[in-house]
Amino acid sequence: MTLRSILLAPSKLLQRRGIQNLYRQYASGHREIPALTKERYPIKRGKFSEVSDGDIARFESILGGKNRVLTATEEIQGYNIDYLGSVRGFSRVVLKPKSTEEVSEILKYCNERKLAVCPQGGNTGLVGGSVPVFDEIVISLQLMDKIEKIDEYSGILVCQAGCVLETLEQKANEKGLVMPIDLGAKGSCHVGGNLSTNAGGLRLVRYGNLHGSVLGVEAVTAEGRVLDLMSNFKKDNTGYHLKHLFIGSEGTLGIITRLSIFCPTASKSINVAFLGLDSYESVKNTFLAAKRNLGEILSSCEMIDALSLESSTYHFNLQSPIEKYPFYMLIETSGSNIAHDEEKLTNFLESTMEKGLVLDGTVTNEPTKMRNIWKLRELIADSLINDGYCFKYDISLPLDNFYDIVLAVRDRVGPLATKVTGYGHIGDSNLHLNVSCPKYGSEIHKLLEPFVYEYTSNVRGSVSAEHGIGFLKTKYLKYSKRPESLLLMTQLKGLMDPNGILNPYKVLPQV
Ligand SMILES: Cc1cc2nc3c(=O)[nH]c(=O)nc-3n(C[C@H](O)[C@H](O)[C@H](O)COP(=O)(O)OP(=O)(O)OC[C@H]3O[C@@H](n4cnc5c(N)ncnc54)[C@H](O)[C@@H]3O)c2cc1C
């Protein structure tokens, strides 16, 4: 079989759907407004103060007027509902600081008054961490979007936490650099949100996770202290590495306000291959072949099952470049020498096809075609929500057991689900198990949880590979963290946030 270049039909949905579109769907009645979190889940409000008119006046004085203190119901609805429509709080105020000093003033005041807060970035989080559970004050980082410096020599980018990832990617590209992180939500998510969730994404296989790429952070503690942990060097072994406390702590230990991140040099040669395979076993062996044959130029390795692809092509009117197969793989290479990279990719594809691992495949280095192939993968998450409601599980599993859970869950929930699909970052052993249905139902929910987490724990997987714990998974943290680790996490929280005002009810299990 030979490789062929492809021409994908232009998508009718060329523009990335902004997250705000989803909220417009609520407003227009196209999407059902979810039940309040306090009604759907058994949870008690903590002993926090309630926001008074005096508090609003104080916020207005800190933020210089009413413009950045939102209180009108229609203005704040989108900040109370998460992307999935799985949780809904009822905050009555959203604050939009522009500077670290303002964040510090707000937190200092809230801590004294024992007012709980919920930091929010792009609100694309998938575990219910980014919206209030009750009436916590939303602190939105939307207006903290200054890029301070991009140094093409060192590759270091310094910016405020509210910069949208895609904007940073574009600005980094102009300097011959790339962001070390890429994900389907890049048009809306903030880099501060990415750090707070330690987001993984599509390039982790190449550039590693954010604990490595982030050189420094500036964060404000619950008491309003500004911690300057910024560093512009890759090497800095001076005592405890405090920045790591803020990477992945989902706004429970402090609010990230600025950061510096290392951006690798942009590759001159990028290729994308889209492959059709007949079994998960072939997917696994093709991944091994990709690692062995593509080595240093492998920059993404994604698996998509048939139902996942059917979902994105159907809901977004996209066209697959190859015929239908039970499984697909999207493999991206990024290198510096076109001829060398193409030769490697061709050898890899020819050998996997000869061995019968890959049944069909197509490869392209043309930017529009590459983008169209990526869309097939990136729009899966959005497309499954279009079925009505989607239970999302983001788990790390050993590659030997990677896909079995999809079959087990399909069997378990039967006709209660519209689709049970599996796709994800096979290059990082990270499966996205998605169960879509016409609307949220407690019957299917009970069949799924704790089953999925117990299954994951039994094979020593992780109950959250990259999305975090947020509100939805606190009960299940114990499946991946041992009691002594949980105790230390609780002690750290107590030390850094004595009044527990920062994103309460998130990450740590409620006692
Ligand atoms: C289509 C789609 C694809 C996705 N793909 C991936 C993927 O491949 N990999 C992946 O890891 N995730 C993925 N996600 C999940 C999500 O995009 C990430 O978790 C992202 O990092 C969240 O960023 P955000 O700015 O939207 O944060 P939000 O959703 O607003 O917040 C997430 C958490 O971080 C906290 N937070 C936000 N900003 C700050 C701050 N400045 N300081 C302190 N705490 C803060 C919030 O309180 C919350 O707990 C995807 C989501 C969607 C919708």
| remark: dims of segment 147-262, Cα set, principal axes, largest to smallest, nearest Å -> 38, 28, 26
| note | So the angle from the long Cα axis of helix 338-354 to the longest Cα principal axis of the chain, reported in degrees to the nearest 10, equals 70
| note | Result for the chain: accessible area per residue, probe 1.4 angstrom, in square angstrom, of 42
| note | For the chain, longest principal axis from Cα atoms; helix 165-174 axis from its Cα atoms; angle between them, nearest 10 degrees, is 60
| task | Write down the Å³ per residue value for the convex hull defined by the alpha carbon atoms of segment 387-468. | result | 82
| task | Add +1 for every Lys or Arg and -1 for every Asp or Glu among the other residues with Cβ under 11 Å from the Cβ of residue 436, and state the total. | result | +2
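Counting only protein heavy atoms and a 1.4 Å probe, tell me what percentage of segment 32-140's accessible area is made up of carbon and sulfur.
47
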| field | Accessible-area composition of segment 387-468, carbon plus sulfur, in percent [1.4 Å probe] | value | 48
| field | Residue (of 210, 510, 398) at the positive-pole extreme of the chain, dipole from beta-carbon charges | value | 510
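Can you give me the convex hull volume of the Cα atoms of the chain, divided per residue and expressed in Å³? All intermediate terms of the calculation are to be shown ahead of the outcome.
Details: hull volume 72.9 nm³, N = 511.
With only Cα atoms used, the chain gives 143 Å³ per residue.
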| note | Per-residue ellipticity at 222 nm attributable to helices in the chain (runs of n ≥ 4 DSSP H, -39500 (n - 2.57) apiece, nearest 500 deg cm²/dmol) works out to -9500 deg cm²/dmol
| query | With axes computed from alpha carbons, what is the tilt in degrees of helix 306-316 against the longest principal axis of the chain, rounded to the nearest 10 within 0 to 90? | reply | 70
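Share of antiparallel DSSP beta bridges in the chain, in percent to the nearest 5? Spell out each step's value before the answer.
Working: 63 of 71 bridges.
Counting DSSP beta bridges with both partners in the chain, the antiparallel share is about 90 percent.
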| query | At a 1.4 Å probe, what is the % contribution of carbon and sulfur to the accessible area of segment 147-262? | reply | 50
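The values are calculated or read from the model by the stated rules, or taken from the named source; none is laboratory data. Predicted model, so just to flag it, every value in this text is computed and none were measured. No Cβ is skipped: glycine too gets one built from the backbone with ideal geometry, and neighbour counts run over all protein chains shown. Remember, those area values only see protein heavy atoms, side chains included, never the ligands or the DNA or RNA. Shrake-Rupley method; radii C 1.70, N 1.55, O 1.52, S 1.80 Å.
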